[in-house]
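The values are calculated or read from the model by the stated rules, or taken from the named source; none is laboratory data. On a predicted model such as this, the values are computed, not experimentally measured, just so you know. Using ideal geometry, Cβ is built from the backbone for each residue, glycine included, and neighbour counts are taken over all protein chains shown.
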Amino acid sequence: MCCYIYSLNVIRWICRHSDSKYAIMNISNHAFPAYNWNLIKSFLAVLDEGTLSGAARKLGVSQPTISRHMDELEEELNLTLFERGRRGALPTSAAYAIADHARSIQRATEALSLSAAGKSENLKGTVRITASQIVSSYVLPDIMSRLLDEYPEVEIEIVSSDHVENLLERHADIAIRMVSPRQLNLISKRVNEFTIGVFAHEDYLEKWGTPKCVEDLGEHRMVGFDRNSKIIDSFVAEKVDVDRHFFRLRCDDQVVYWRSLLAGAGLGFISHFVARKNPTLVEIPNLLHIPPLGIWLVSHREVKTNLRIRKVYDFLSKEISTMSLS
C-alpha cells in the first residue's frame with residue numbers, strides 16, 4: 001500500500017468549477033496533506049470498468065471494499081462522483097473533471113514504485129511472472145523446479161493468462177509473450193520460438209481419413225481460433241480464401257483448444273513441442289506453412305536492475321533459449 005501527497009483541496013476546487021476549462025488547467029503547485037492513494041486507485045478502476053464489481057475484479061479486492069472507498073472519497077469531496085444503479089456506475093461531470101488529475105497521480109505513483117523496486121538488492125522476496133496458458137502449463141513447471149532449487153530465498157507467482165499483462169502498471173515483474181512488446185520503457189529479448197504444425201487425433205484420422213493437400217481441408221472439421229486471426233492469415237498467405245466460418249469449432253483458450261484436439265474434434269494447429277506430449281496426435285505434414293511463433297522475455301527497464309528479478313530473468317532466458325521447441 002502506498003500513499004501519495006495528494007491535492008485534495010485542489011480536487012474540491014476543480015469539482016466546484018467542473019464546467020470551467022480554466023479550473024481544470026490550474027491544478028498544480030499547491031501543498032496539501034497526505035491522502036490515501038487507494039481511494040484514487042479505486043475511483044479510476046470504477047471509472048474505467050463502469051461497475052463496482054468490474055473494478056473489484058481489476059484490483060483483486062472485494063466489491064464492498066470498492067463501495068466503501070467510493071463512499072469515503074465522495075464524503076471527503078462532499079459531492080457525488082457516480083450515479084449507481086442497475087446499469088452500473090455512471091460517472092458524473094465532477095468525476096470527469098478530476099479524472100485527468102487522478103491519472104497524473106497514478107502515473108507518478110507507479111513510477112515511484114518502479115524506481116523503488118529497481119533499487120532493491122535483496123534476493124529474498126517474490127517475483128511475479130505472467131505467461132500464456134500453454135507456456136505456463138508445459139514450459140514453466142520444470143523450469144520453476146530448477147529455479148526454486150537454485151534460489152531458495154525467492155518466491156514465484158505465475159499468472160497463467162493469454163491476455164497481455166501491463167508491466168508498466170506492475171501487474172507482473174516478468175512477462176513471457178508470444179508477440180514483441182510495443183510499450184516503451186520495456187526490456188525485451190527473443191529467447192526461442194515455437195514451430196507450428198497441423199495435427200489431428202489418430203481416431204479422427206481413422207474415421208475421416210487424412211487430407212493430402214490444403215484443398216482437402218475443406219472436407220474436414222477444422223478447429224480454429226475465435227478472435228485471433230493468425231491461422232486465417234496463414235491460409236491467406238497460401239492464397240487459400242477462408243473466413244472464420246471455415247472452422248466449425250473456434251476457441252481462443254489454448255488449453256481448451258488443445259483438449260479439443262485430443263478429443264478428436266477435428267484438425268487443428270498447435271506447436272510441435274506441445275504435440276509431442278501426446279503420441280496419439282498425428283501431424284499432417286506439408287499442408288500449410290505457418291510462421292514460427294516467437295517467444296519474448298520482457299521486463300520493465302527499471303525493474304531489470306532489481307537483483308532478485310534480474311536473477312529470475314536471466315535464469316528464464318537461459319532455460320527457455322536452450323529448449324527444443326521445434
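Restricting to the stretch 175-220, count the residues that are more than 22 Å from residue 318 (Cβ to Cβ), not β-branched (Val, Ile, Thr) and not in a loop (DSSP other than H, G, I, E, B). The total comes to 16. Test residue 307 against the stated conditions and say whether it is under 14 Å from residue 197 (Cβ atoms) and of a type outside the set (D, E, K, R). When the stated conditions are applied, residue 307 does not pass them.
Taken together, 164, 240 contain a single residue that is of a type outside the set (Phe, Trp, Tyr), touching a helix residue (DSSP H, G or I) at 6+ places or on another chain (Cβ under 7 Å), part of a loop (DSSP other than H, G, I, E, B) and at pLDDT below 85, which is 240.
Yes/no matrix, rows are residues, columns are (1) outside any helix (DSSP H, G or I); (2) small (Gly, Ala, Ser); (3) modelled with pLDDT of 90 or more; (4) in contact with a Ser or Thr (Cβ under 6 Å, 6 or more places away or on another chain):
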| site | (1), (2), (3), (4) |
| --- | --- |
| 228 | yes, no, no, no |
| 233 | no, no, no, no |
| 274 | no, no, yes, no |
| 279 | yes, no, yes, no |
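Taken over the stretch 38-90, residues that are touching a Lys or Arg at 6+ places or on another chain (Cβ under 9 Å), of a type in the set (A, V, I, L, M) and more than 21 Å from residue 101 (Cβ to Cβ) amount to 1. The single condition among (1) more than 24 Å from residue 277 (Cα to Cα); (2) loosely packed, with under 15 Cβ neighbours inside 10 Å; (3) of a type outside the set (D, E, K, R) that residue 232 does not satisfy is (2). The set of residues in the stretch 243-265 that are farther than 22 Å from residue 291 by Cβ and at pLDDT 90 or above comprises 245, 248, 249, 256, 259, 260, 262, 263, 264, 265.
Of the residues 218, 209, only one is under 19 Å from residue 281 (Cα atoms) and among the small types (Gly, Ala, Ser); which? Checking each option against the conditions leaves just 209. Can you report the number of residues in the stretch 56-76 which are in contact (Cβ under 8 Å) with a residue 24 or more places away in the chain and surrounded by 15 or more Cβ atoms within 10 Å (Cβ to Cβ)? The qualifying residues number 4.
From the list 301, 244, 248, the one residue that fits, being free of Cβ contacts under 8 Å to residues at least 24 places away in the same chain, surrounded by fewer than 17 Cβ atoms within 10 Å (Cβ to Cβ) and in contact with a strand residue (DSSP E or B) (Cβ under 9 Å, 6 or more places away or on another chain), is 244. Of the residues making up the stretch 173-190, just one is modelled with pLDDT under 80 and of a type in the set (A, V, I, L, M), namely 184. Among the conditions (1) in the same structural domain as residue 277 (by TED's automatic domain parsing); (2) within 21 Å of the chain's Cα centre (by Cα), the only one that residue 185 does not satisfy is (1).
When residue 223 is tested against (1) closer than 25 Å to residue 316 by Cα; (2) crowded, with 17+ Cβ neighbours inside 10 Å; (3) of a type in the set (A, V, I, L, M, F, W, C), just one condition goes unmet, and that condition is (1).
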